[in-house]
Structure formats: structure tokens, C-alpha cells
Amino acid sequence: MDKILVLDFGGQYNQLIARRVRSEHVYAEIKPYNKITPQEIQEIGYKGIIFTGGPNSVYDEKSPHYDPAVLDLGIPVLGICYGEQLMAYMADGEITSAENSSEYGKTEVYVKKNVLFDDVPEKSICWMSHTDYVKEAPKGFEIIAHTDKCPCAAMCDESRKLYGVQFHPEVTHTAYGKQMLHNFIFKVCGCAAEWKMENFVDSSIAKYKKELAGKKVLLALSGGVDSSVAAVLLHKAIGTNLTCVFVDHGLLRKDEGDFVENTFGKQFGINLIRVNAEDRFLSKLAHVTDPEQKRKIIGEEFIRVFEDEAKKLGKIDVLVQGTIYPDVIESGKGDSAVIKSHHNVGGLPDVIAFDEIVEPLKDLFKDEVREAGTQLNIPHELVWRQPFPGPGLAVRIIGEITKERLDVLREADAIFREEIANAHLENFTNQYFAVLTDLRSVGVKGDARTYGYTVALRAVTTDDFMTAEWTRLPYEVLEKASSRITNEIMGITRVVYDITSKPPGTVEWE
Ligand code: XMP
């Protein structure tokens with residue numbers, strides 16, 4: 001299968017570039033610039049290379065540089081933003097920096113006739129974000145685009161198939177960016193469009209049928225998208241040799257545990273063990289109010305419960321992990337501060353004896369996991385499920401977690417979700433839920449004075465959950481949810497709507 005390499009120089013859009021290439025049905029993978037040599041690039045046989053942008057200046061000694069030999073491999077290269085400047089620098093061009101020529105935002109760009117700009121009009125809008133720019137194109141290069149401020153908005157050396165653009169074709173604000181990437185991938189690199197989810201699903205099933213034949217395979221199923229897709233995929237490959245353990249920690253949303261059991265155990269006929277561990281978790285969490293401690297306790301207890309279950313199954317040959325591609329990329333970097341210690345099943349390999357780990361989704365982006373899920377006939381509501389944190393409702397209850405408080409929250413959350421569904425707003429907001437605060441306030445129900453909990457509703461709009469806007473939900477929907485919550489749930493006297501964006505807030509309250 002043809003592959004494009006996205007060589008990462010620290011740009012904020014590197015994942016986006018790879019996703020854009022893949023949406024053209026060509027496989028793209030991201031590698032940090034200091035983790036692969038030109039020789040390795042050649043050996044792997046990439047059909048094309050894209051240099052990403054980056055926040056640096058090429059004349060700064062500490063900025064990421066790369067071996068110029070990459071330009072002589074005979075493999076087409078497209079440099080984007082910093083990537084273009086680096087390409088010019090490596091080929092002895094001149095880069096300059098001038099405050100008054102920096103460009104940011106939507107900018108008119110004028111292009112010349114060139115294969116990179118096939119089906120792109122002479123004048124269109126592109127997205128710029130730079131201070132430095134290529135002042136003089138290197139020898140052998142021709143300038144093929146400009147803006148009012150930037151004399152070299154794009155350049156190329158057609159004989160060596162080297163291209164550079166100062167703007168960002170990968171962001172949707174560049175009107176013809178998709179077309180330009182399409183031209184590079186197919187017309188310059190000559191790739192074949194072979195990366196399709198139905199092929200991925202079929203070939204993965206065939207591969208695991210062979211590789212895992214006769215092996216005893218174990219998977220921790222959470223009911224989230226990734227583990228669900230991994231479970232169904234492997235079930236298709238190895239049937240009853242796969243056992244899924246679903247730990248119900250009692251911190252799930254209303255009816256969620258039964259839904260997971262019905263879908264995977266009954267509908268798909270997967271060998272599923274549901275462990276009802278509510279009591280174990282609640283007794284460990286009794287009187288705990290600190291969010292980080294809650295996460296830690298839940299993470300550890302999850303491992304203990306899973307371990308106990310695994311022991312009952314005897315020797316395990318293979319453990320399946322639902323790792324996806326962004327996890328792989330991030331783990332190759334990461335020294336950013338831990339804001340919240342996210343609970344996942346990463347700790348499992350340390351406590352269970354097994355011979356091998358299999359990560360069937362490790363090459364897929366989230367949208368590709370969803371597409372694979374659709375190919376596998378997993379119900380739409382599961383494939384498109386909003387994210388739900390591993391520690392569950394524990395991080396949506398401020399203060400102490402008790403069965404009674406969990407039940408109150410479950411009801412409020414279910415009403416809110418129901419009203420969002422009634423108004424057909426599931427796709428208008430990316431995550432929405434209720435939070436039970438520890439604030440009590442006075443209310444009046446009938447003629448009586450009440451003193452009950454305050455529930456907060458939260459809905460956010462986001463692409464990546466790293467930053468988020470609070471969703472502007474229609475007042476009528478908020479009103480309906482509020483009135484139902486206070487009327488139908490004893491013990492709740494007040495409903496508030498959270499209008500904090502992230503940053504400074506986080507999505508979850510704890
Ligand atoms: P925050 O609250 O960090 O949330 O802005 C960003 C996204 O991550 C989810 N989240 C978690 N997911 N374990 C998880 O698996 C956790 O401990 C956790 N905390 C937050 C949150 O729901 C949102 O989608």
C-alpha cells in the first residue's frame with residue numbers, strides 16, 4: 001500500500017495533515033523529524049514526504065533541522081510553512097523575517113499554472129500564519145504563488161519534485177487546500193487510493209484469524225468506541241477464543257451497563273463477562289472527595305477487579321489494548337503537564353501474565369475507528385457515542401460519592417440527554433452531561449420549603465477536547481431540562497448552566 005510520510009517539525013496541525021491525506025484514501029503516518037533518517041525513509045519506500053510547519057525560525061540554531069540528503073532521494077516533498085522555509089534553507093535559499101510582512105489569517109493568494117494548482121483558480125483564499133518567509137527561492141526553484149505581502153507563497157523545483165507552500169493547505173480556511181493536497185498526493189507522488197476502512201476491516205480480520213488461531217485472547221471492554229470496535233473486530237476473527245471482561249464499577253450512566261451487556265453479549269454473541277463491582281468501588285471511594293484521589297482509587301481498583309477475573313480464566317496468551325493512533329503519536333512526545341491523570345487500562349500489562357499484546361486500532365484516527373465500527377455493524381448510538389471518562393460519574397459528583405447521590409445524578413443526566421435528543425441537538429454539541437454539585441440551596445415545591453442539591457448542566461463544542469467553547473444551547477431546551485429535573489427528581493432544587501470555556505475551565509468539573 002502506498003504511504004506518505006508526514007515529517008513533524010513541531011507544527012500544531014501535524015495530525016490534521018495526516019488526516020487530510022487519509023481522507024484521500026492514502027495512508028499517512030507521522031514521524032518526529034529526529035526519529036527517522038533519510039536512509040530509513042528510502043528503505044520504507046514512502047511515495048511522498050510532507051514537512052510540517054513549526055513555531056521556529058530556521059536560522060535559530062536550536063530550531064529543528066534535517067539532513068538535506070532527503071531532497072535528493074527522488075521522493076517528492078511538500079514543505080508547509082516552516083517546512084517550506086526549511087526546504088529553502090537546505091537548498092541554499094534566503095529566508096527573512098520582518099514584522100511588517102508577517103501574515104495571519106485568511107489571505108488572498110495568486111497562483112501560477114502548476115501541477116500543484118491544477119483545478120485551483122488563479123486567485124483564492126489561503127490561511128497564513130507566519131513572520132519569516134522565503135525571500136529568494138533557492139537555485140533550481142521557481143516561484144509559483146504570491147500574496148500582497150509575501151513574494152514567495154509557493155515554490156517548486158519540478159525536476160526534483162520538490163514543492164513548498166508558505167500557507168496551510170491542510171486547514172479548511174484555505175479554500176482549495178484539499179485540492180492542492182490531492183494534486184500532490186496523486187499527480188506528483190502518483191499514489192494509489194487504497195486506504196479504505198472496508199479493506200482495513202477485512203484485512204485485519206484475515207490477519208488475526210491467522211495470527212491468533214488457537215490462542216486465548218482477553219480484552220477489557222468499557223463500552224467506549226475504541227474497545228467496542230476492537231472487540232467486534234477480534235470476535236469476527238477468532239470467535240469464542242476472545243473473552244471480553246466488562247467491569248461495571250457502578251459509576252456508569254443510567255442503563256449503560258445493561259446496554260453494553262445486551263449489545264455485546266446478546267446481539268453480537270461475544271463471550272462477555274460482566275463484573276458487577278459497584279460495592280467494591282463504592283466502599284473504596286467512601287468519604288473520598290479529592291478528584292485526583294478518586295481517579296487513582298478507581299484506576300487501581302479497576303486493575304484489581306480485572307486481575308481477579310483474569311486469574312479465573314487461567315493462562316492468557318494475548319491481551320488486547322484499544323490504543324489508537326493519536327495515543328501512539330502522543331506517547332512519542334509528551335512532557336506536557338498532567339492536568340488530570342486520565343484513567344485508562346494502560347496499567348493492565350503489569351499485572352496480568354500473558355505472552356503478547358495486540359493493538360488492532362493503533363494505526364487509526366478516531367474518525368477512522370468510527371468508520372470501521374460502522375463497517376462492523378456496531379449500533380450507530382455506540383459508534384457515535386460522546387466521550388465518557390473512565391472514572392465515570394465519580395468525577396461529576398463534587399464531594400462524596402454515595403449510591404444515593406449517584407442515582408440522583410443518573411436521573412438528572414438522563415433527562416438532560418433525553419431533552420438534547422428530543423431537540424435533535426446530538427450533533428450540535430460534542431459532549432453534554434449533568435454534574436451534581438455539593439451546593440445545597442433553598443427552594444419551594446408546592447407550598448413547602450425545600451432544601452436540596454444544585455445540579456449543573458454542561459455542554460461543550462470542540463474538535464479535539466483540548467480547547468472547548470460552551471455550547472449555545474437554545475433557551476427552550478435548557479428550560480425544559482431544568483423544569484423536568486426539578487419536578488421529577490426529589491432532592492434537586494436548582495439547575496444552573498455552565499458557561500465556562502476551556503481554558504480556563506476543563507470539560508469535566510473534577
Ligand atoms: P477535561 O476535563 O480534561 O476533559 O477538559 C477532556 C476530555 O477528557 C475526558 N476526561 C477523561 N477521560 N479519564 C478519561 O478516560 C479521565 O479521568 C478523564 N477526565 C476527563 C472528558 O470527559 C473530556 O472528553
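With the structure loaded, tell me whether Ile420 is in the same structural domain as Phe302 (by TED's automatic domain parsing), of a type outside the set (Lys, Arg) and away from the ligand (no atom under 12 Å from the Cβ) or whether it fails that test. Reasoning before the result, please.
Values: in the same structural domain as Phe302 (by TED's automatic domain parsing): no; of a type outside the set (Lys, Arg): yes; away from the ligand (no atom under 12 Å from the Cβ): yes.
Judged against the criteria, Ile420 is not a match.
Give the residue, chosen from Val328, Val320, that is modelled with pLDDT under 90 and more than 13 Å from the ligand (Cβ to nearest atom).
On the way: Val320 fails: modelled with pLDDT under 90.
Exactly one residue qualifies, and that residue is Val328.
Condition first: surrounded by fewer than 18 Cβ atoms within 10 Å (Cβ to Cβ), among the small types (Gly, Ala, Ser) and either in a loop (DSSP other than H, G, I, E, B) or not assigned by TED's automatic domain parsing to the domain that holds Asp255 (or both). Can you find one or more residues in the stretch 428-440 that meet it?
no
List the number of the failed condition for Phe200; all other conditions in (1) away from the ligand (no atom under 16 Å from the Cβ); (2) more than 24 Å from the chain's Cα centre (by Cα); (3) crowded, with 20+ Cβ neighbours inside 10 Å hold.
Evaluating Phe200 over (1) away from the ligand (no atom under 16 Å from the Cβ); (2) more than 24 Å from the chain's Cα centre (by Cα); (3) crowded, with 20+ Cβ neighbours inside 10 Å leaves (2) as the failure.
How many of the residues in the stretch 125-152 are closer than 22 Å to Asn56 by Cα, at pLDDT 95 or above and of a type in the set (Gly, Ala, Ser)?
0
Among residues belonging to the stretch 145-180 that are β-branched (Val, Ile, Thr) and part of a loop (DSSP other than H, G, I, E, B), point out the one that is surrounded by the most Cβ atoms within 10 Å (Cβ to Cβ).
As a first pass, look at the stretch 145-180 and keep what is β-branched (Val, Ile, Thr): 147, 165, 171-172, 174.
So of that shortlist, the ones also part of a loop (DSSP other than H, G, I, E, B) come out as 147, 171-172, 174.
Numbers: Thr147: 20, Val171: 15, Thr172: 11, Thr174: 23.
Restricting to residues being β-branched (Val, Ile, Thr) and part of a loop (DSSP other than H, G, I, E, B), the top hit is Thr174.
Can you run down the residue pairs with Cβ atoms below 6 Å, 6 or more apart or on separate chains, where the first is in the stretch 12-37 and touching a residue at least 60 places away in the same chain (Cβ under 8 Å) and the partner is among the polar types (S, T, N, Q) and in a helix (DSSP H, G or I)?
Ile30/Asn14
Just give me the residues in the stretch 203-230 being within 16 Å of the ligand (Cβ to nearest atom) and either under 16 Å from Asn241 (Cα atoms) or aromatic (Phe, Trp, Tyr) (or both), in sequence order.
Ala220, Leu221, Ala230
Which of the residues that make up the stretch 264-317 are away from the ligand (no atom under 16 Å from the Cβ), hydrophobic (A, V, I, L, M, F, W, C) and assigned to a loop (DSSP other than H, G, I, E, B)?
Phe268, Ile270, Ala277, Ala286, Leu313, Ile316
When you look at Ala481, is it more than 15 Å from the ligand (Cβ to nearest atom) and in contact with a Phe, Trp or Tyr (Cβ under 6 Å, 6 or more places away or on another chain), yes or no?
Details: more than 15 Å from the ligand (Cβ to nearest atom): yes; in contact with a Phe, Trp or Tyr (Cβ under 6 Å, 6 or more places away or on another chain): yes.
Against the criterion (more than 15 Å from the ligand (Cβ to nearest atom) and in contact with a Phe, Trp or Tyr (Cβ under 6 Å, 6 or more places away or on another chain)), Ala481 qualifies.
Just to be sure, is Tyr176 outside the structural domain of Ile324 (by TED's automatic domain parsing), touching a Pro at 6+ places or on another chain (Cβ under 8 Å) and among the aromatic types (Phe, Trp, Tyr)?
Working: outside the structural domain of Ile324 (by TED's automatic domain parsing): yes; touching a Pro at 6+ places or on another chain (Cβ under 8 Å): yes; among the aromatic types (Phe, Trp, Tyr): yes.
Considered against the rule, which asks whether it is outside the structural domain of Ile324 (by TED's automatic domain parsing), touching a Pro at 6+ places or on another chain (Cβ under 8 Å) and among the aromatic types (Phe, Trp, Tyr), Tyr176 comes out as yes.
Going by the conditions given, is Glu84 assigned by TED's automatic domain parsing to the domain that holds Pro38 and either modelled with pLDDT under 95 or surrounded by fewer than 21 Cβ atoms within 10 Å (Cβ to Cβ) (or both)?
Working: assigned by TED's automatic domain parsing to the domain that holds Pro38: yes; either modelled with pLDDT under 95 or surrounded by fewer than 21 Cβ atoms within 10 Å (Cβ to Cβ) (or both): no.
Here the answer is no, as Glu84 does not meet what is asked.
Of these, Ile185, Ile143, which one is touching a residue at least 60 places away in the same chain (Cβ under 8 Å) and β-branched (Val, Ile, Thr)? Spell out how you get there, then give the answer.
Values: Ile143 fails: touching a residue at least 60 places away in the same chain (Cβ under 8 Å).
None of the other options fit; the residue is Ile185.
Find the residue count for the stretch 368-393, including only residues that are touching a His at 6+ places or on another chain (Cβ under 8 Å), assigned to a helix (DSSP H, G or I) and within 16 Å of the ligand (Cβ to nearest atom). Talk me through it step by step, then tell me what you get.
Of the residues in the stretch 368-393, the ones touching a His at 6+ places or on another chain (Cβ under 8 Å) are 374, 389-392.
Retained after the next criterion (residues that are assigned to a helix (DSSP H, G or I)): 374, 392.
Right, trim to within 16 Å of the ligand (Cβ to nearest atom) and you get 392.
Adding up the residues that qualify gives 1.
Please indicate, with yes or no, whether at least one residue in the stretch 58-65 is of a type outside the set (Phe, Trp, Tyr), in a helix (DSSP H, G or I) and farther than 21 Å from Glu136 by Cα. Break it down stepwise before answering.
Initially, the stretch 58-65 is screened for residues of a type outside the set (Phe, Trp, Tyr), giving 58, 60-65.
Going one step further and asking which of them are in a helix (DSSP H, G or I), we end up with none.
Looking through the stretch 58-65, none of the residues is of a type outside the set (Phe, Trp, Tyr), in a helix (DSSP H, G or I) and farther than 21 Å from Glu136 by Cα.
Just checking, does the stretch 112-122 include any residue being assigned by TED's automatic domain parsing to the domain that holds Gln12 and farther than 21 Å from His182 by Cβ?
Among the residues of the stretch 112-122, not one is assigned by TED's automatic domain parsing to the domain that holds Gln12 and farther than 21 Å from His182 by Cβ, which makes the answer no.
Suppose we keep only residues that are within 26 Å of the chain's Cα centre (by Cα) and part of a helix (DSSP H, G or I) within the stretch 394-417. Which one would you say is farthest from Gly452 (Cα to Cα)? Quick ask: steps written out before the conclusion?
Of the residues in the stretch 394-417, the ones within 26 Å of the chain's Cα centre (by Cα) are 394-397, 413-414, 416-417.
Restricting the remaining residues to those that are part of a helix (DSSP H, G or I) gives 394-396, 413-414, 416-417.
Working: Ala394: 20, Val395: 20, Arg396: 17, Asp413: 17, Ala414: 19, Phe416: 19, Arg417: 22 Å.
Filtering first and then ranking leaves Arg417.
Mind listing whichever residues of the stretch 187-197 are assigned to a helix (DSSP H, G or I) and either surrounded by 19 or more Cβ atoms within 10 Å (Cβ to Cβ) or out of contact with any Asp or Glu (no Cβ under 9 Å at 6 or more places or on another chain) (or both)?
Val188, Met197
Name the pairs: first residue in the stretch 283-311 and at positive phi, second residue more than 14 Å from the ligand (Cβ to nearest atom) and of a type in the set (D, E, K, R), Cβ to Cβ under 9 Å, at least 6 apart or on different chains?
Correct list of pairs: His287/Glu400.
Test Ser102 against the stated conditions and say whether it is of a type in the set (Gly, Ala, Ser), surrounded by fewer than 18 Cβ atoms within 10 Å (Cβ to Cβ) and closer than 23 Å to His173 by Cα.
Values: of a type in the set (Gly, Ala, Ser): yes; surrounded by fewer than 18 Cβ atoms within 10 Å (Cβ to Cβ): yes; closer than 23 Å to His173 by Cα: yes.
Considered against the rule, which asks whether it is of a type in the set (Gly, Ala, Ser), surrounded by fewer than 18 Cβ atoms within 10 Å (Cβ to Cβ) and closer than 23 Å to His173 by Cα, Ser102 comes out as yes.
Among the residues of the stretch 468-477 satisfying the criterion of being surrounded by 17 or more Cβ atoms within 10 Å (Cβ to Cβ) and modelled with pLDDT of 95 or more, which is nearest to Ala423 (Cα to Cα)? Let's see the steps before the verdict.
Going through the stretch 468-477, the residues surrounded by 17 or more Cβ atoms within 10 Å (Cβ to Cβ) turn out to be 468, 470-471, 473, 477.
Checking which are modelled with pLDDT of 95 or more leaves us with 470-471, 473, 477.
Details: Trp470: 18, Thr471: 14, Leu473: 10, Val477: 7 Å.
Here the residue is Val477.
Which one of Thr500, Thr493, Thr450, Thr454 is of a type in the set (Ser, Thr, Tyr), within 16 Å of the ligand (Cβ to nearest atom) and not in a helix (DSSP H, G or I)?
Among Thr500, Thr493, Thr450, Thr454, only Thr500 is of a type in the set (Ser, Thr, Tyr), within 16 Å of the ligand (Cβ to nearest atom) and not in a helix (DSSP H, G or I).
Give Ala456, Ala448 a once-over and let me know the one that is hydrophobic (A, V, I, L, M, F, W, C) and within 19 Å of Arg405 (Cβ to Cβ). I'd like the intermediate steps shown before the answer.
Numbers: Ala448 fails: within 19 Å of Arg405 (Cβ to Cβ).
Only one candidate qualifies: Ala456.
Only one residue in Glu61, Glu40, Glu122 is surrounded by fewer than 14 Cβ atoms within 10 Å (Cβ to Cβ), without any contact (Cβ under 8 Å) to a residue 24 or more places away in the chain and closer than 26 Å to Phe365 by Cβ, so which one is that? If you could, list the steps in order and put the result at the bottom.
Details: Glu61 fails: closer than 26 Å to Phe365 by Cβ; Glu122 fails: closer than 26 Å to Phe365 by Cβ.
Unique residue meeting the criteria: Glu40.
The values are calculated or read from the model by the stated rules, or taken from the named source; none is laboratory data. Predicted, not measured: the structure shown is a model, and the values here were computed from it. Because the Cβ atoms are built from the backbone with ideal geometry, glycine has one as well, and the counts that use them run over all protein chains shown.
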